[in-house]
Amino acid sequence: RKVEFVHPIAYKIGPSQTKVVETQYYSFTLSDGFVLEAEGHNVDVPYSSQFRIHSMFKVEPVAGEENESVLVASVTTHFIKKPVGIWKIIEKGTVDDCKVAYEKFCVIAKQVCEGGDRGGDGGG
């Protein structure tokens, strides 16, 4: 699916938030887990036409443990063309930004798994 949203960002260059156009892919694993992959384009960030952000969340049940799962999250910056002199800044900004976002995601995911609130978005 394709989603669009506004996201605050931690890049040293550019605006404090950006419109994100993200394509998401969802699949199941052989061990009853699932994988969520996303490719995002931060539209308002300088040089954004030259890179995409690839994220992956993999959730696997813990063998022998009922109601226990392991979440592995990763991110990488895929450069279509590396902007000379600033590609390392873009990579660092991606990691710094995703660390905060992934920590929030983990808190929300844990609340949902425990049957709690999803942050007031009306979902359950």
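The values are calculated or read from the model by the stated rules, or taken from the named source; none is laboratory data. As the structure is a prediction and not an experimental result, all values here were calculated from the model. Reconstructed Cβ throughout: ideal geometry from the backbone, glycine too, with neighbour counts over all protein chains shown. Surface accessibility is based on the protein's heavy atoms, side chains included, excluding ligands, DNA and RNA. Shrake-Rupley method; radii C 1.70, N 1.55, O 1.52, S 1.80 Å.
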Please indicate, with yes or no, whether at least one residue in the range 26-37 is surrounded by 13 or more Cβ atoms within 10 Å (Cβ to Cβ), modelled with pLDDT of 90 or more and over 28 Å from residue 110 (Cβ atoms).
-> no
Evaluation of residue 43 against (1) in contact with a Gly (Cβ under 8 Å, 6 or more places away or on another chain); (2) loosely packed, with under 14 Cβ neighbours inside 10 Å (one fails), failing number = (1)
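Give the range 46-67 a look and list any residue that's open to solvent by 70 Å² or more (accessible area, probe 1.4 Å) and among the aromatic types (Phe, Trp, Tyr), or say none. Step through it out loud before you land on a result.
Step one: of the range 46-67, the residues open to solvent by 70 Å² or more (accessible area, probe 1.4 Å) are 47, 49, 58, 63-67.
Selection gives 47 alone.
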Members of the range 68-82 that are surrounded by 15 or more Cβ atoms within 10 Å (Cβ to Cβ) and assigned to a loop (DSSP other than H, G, I, E, B) | 82
